[in-house]
1. Spot the failing condition for ASN210; the list is (1) among the polar types (S, T, N, Q); (2) at pLDDT 95 or above; (3) outside the structural domain of ALA375 (by TED's automatic domain parsing), and only one is missed.
2. Against the conditions (1) touching a Lys or Arg at 6+ places or on another chain (Cβ under 6 Å); (2) within 30 Å of LEU357 (Cβ to Cβ); (3) not β-branched (Val, Ile, Thr), where does GLN338 fall short? Just the number, please.
3. Look at GLU217 and say whether it is among the acidic types (Asp, Glu), modelled with pLDDT of 95 or more and assigned to a loop (DSSP other than H, G, I, E, B).
4. Test of understanding: among ALA156, ALA149, ALA116, which residue is surrounded by fewer than 20 Cβ atoms within 10 Å (Cβ to Cβ) and part of a helix (DSSP H, G or I)?
5. Give me the pairs: first residue in segment 430-453 and closer than 15 Å to ALA415 by Cβ and of a type in the set (D, E, K, R), second residue modelled with pLDDT of 75 or more and surrounded by 11 or more Cβ atoms within 10 Å (Cβ to Cβ), beta-carbon distance under 6 Å, and six or more apart or on different chains, which are they?
6. Working only within segment 139-170, note down all residues that are polar (S, T, N, Q) and either in contact with a Phe, Trp or Tyr (Cβ under 9 Å, 6 or more places away or on another chain) or assigned by TED's automatic domain parsing to the domain that holds VAL383 (or both).
7. What pairs come up if the first residue lies in segment 91-108 and is at positive phi and surrounded by fewer than 19 Cβ atoms within 10 Å (Cβ to Cβ), the second is part of a strand (DSSP E or B) and among the polar types (S, T, N, Q), and their beta carbons are under 9 Å apart, counting only those six or more places apart or on different chains?
Amino acid sequence: MRARIGTTRFCLEPVTDRDGAIITAVFYGGKILPKKFYQLSREERLQQLVAEGSLAENDADYLAANHVLPSAVAAHLGENQLGQFPLPYGIARTLMVNGVTRNVAMVGEEPSVVAAASNGARMALAGGGVQVAVPEHTVTGEVVFADVADPDAAVALISSREDDIWDAAAYAHPSIIGRGGGLKQVQVQAIGQFVKIRLVIDPQAAMGANMVNTIAEAVAHMVGQWLHQEALLAILSNYTDDPVVATVAIPVAAVATKSLPGSVVAARIAAASAFGFIDEERATTNNKGIMNGIEAATIALGNDYRAVSTAVHAYAAQSGAYQPLTRWTTDGKMLHGQLRVPLQLGVVGGATAALPLAQIAMRLGKIATVADAQAVLAALGLVQNLAALRALVGPGIQSGHMALQAGALAIAAGATGTEIDALTHLLQTTDKTIGRAKELLAQLRADKQSEENDNEDRD
């Protein structure tokens, strides 16, 4: 079986490393059998994704070419633009969400994040993948008036003219009405000397920030005339208490480690989860690990990761104490996990439309709607947490983390080109410090120079 990327044709046939081990995909018995996807070269990964139908050839060509944004596009996506800041664009493999297998694009500088997500996705497959329920997609706008002389009278006046607010909202953004969205709810309340108008808006496939702000400002202008004063502010709120809910049930055998049976690991995961509900320090780190995945995927989709992050952490603290976003329990046979997380996302407009890599991320993840995006990111957060907790209560976080950091350490030590792989390999069996990396690099270069001198002597 063959696949073409750009002008190069690839064969899905056994490819071996120096030790004779198969490191790429094999076409055998009518099936493509992937072998250690993370060990493949970038070209081989693209080849495999095209061959299995996860990636279109033109998308693979785009990724292989390492395109940068046109200057005009970059200038309009950032102020005072000086250049571009590349970050690795990877994927978490085979994350099953509501019965559909996804490849989730992730952008970030930390290799262990993608590795953990892929490992968590693998374990979740043993339980049939992650099931996700998503709420109705709405965004809230706030119009606030300060130092109102008679707040109760103002509330009564505004409430009596609610129909005018609906008309103003429709006039401010008429196109959304035709698509089935727009203003869905109006609430007016007095908070001390403040009067707040809460506008619940359905932005359809967009994240909705600009739409909500436009509607809120139109309402603020009109109501300001009624109250004979300017609004203090008119803007969306990134807060929501209506979460996406992801659940998984995994046979305990699937979380076993080399040294611990699955039943023990599952019980320890449940205990670590319970501790997070009584210890804010643990809860904070637990949630940071979840956001490792969610933020990386949010960036890949061209969405506002800052808005997502602040909403998530506000939700985690809504009880008055910062709480974990996940809960894990076990009955001895199954490990049950649940994540509850608000996710304000969009699949059209803004940077999502302007960034070709965001469009590729949507196709890799089979994301067509906001609900798809919410489900994929919630599932990713849940399996990210699973992998982190399993490592934490089993072999520990640091050994795997530092093994994956060896490549970055090799680069920091000054390795270039083929030296990076060679030095990364050597660092796996020794102290992972910058000093040791520099020593090994010097030895590599000395050995190479000696070999070149020997070859010259033989010639």
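1. (2)
2. With respect to (1) touching a Lys or Arg at 6+ places or on another chain (Cβ under 6 Å); (2) within 30 Å of LEU357 (Cβ to Cβ); (3) not β-branched (Val, Ile, Thr), GLN338 is out only on (2).
3. The answer is no for GLU217.
4. Just one listed residue meets the conditions, ALA156.
5. ARG436/THR430; LYS438/ALA413
6. Scanning segment 139-170 gives a single hit, THR140.
7. THR94/THR101; THR94/ASN103; ASN98/GLN131; GLY99/GLN131
Residue by residue, here is whether (1) assigned to a strand (DSSP E or B); (2) under 19 Å from HIS137 (Cβ atoms) holds:
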site: ASP164; (1), (2): no, no
site: ALA168; (1), (2): no, no
site: TYR171; (1), (2): no, no
site: SER175; (1), (2): no, yes
site: GLY180; (1), (2): no, yes
site: GLN185; (1), (2): yes, yes
site: ILE201; (1), (2): yes, yes
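The values are calculated or read from the model by the stated rules, or taken from the named source; none is laboratory data. Note that the structure is predicted; figures quoted are calculated from it, not measured. Positions of Cβ are generated from backbone atoms using ideal geometry, with glycine treated the same way; all protein chains shown enter the neighbour counts.
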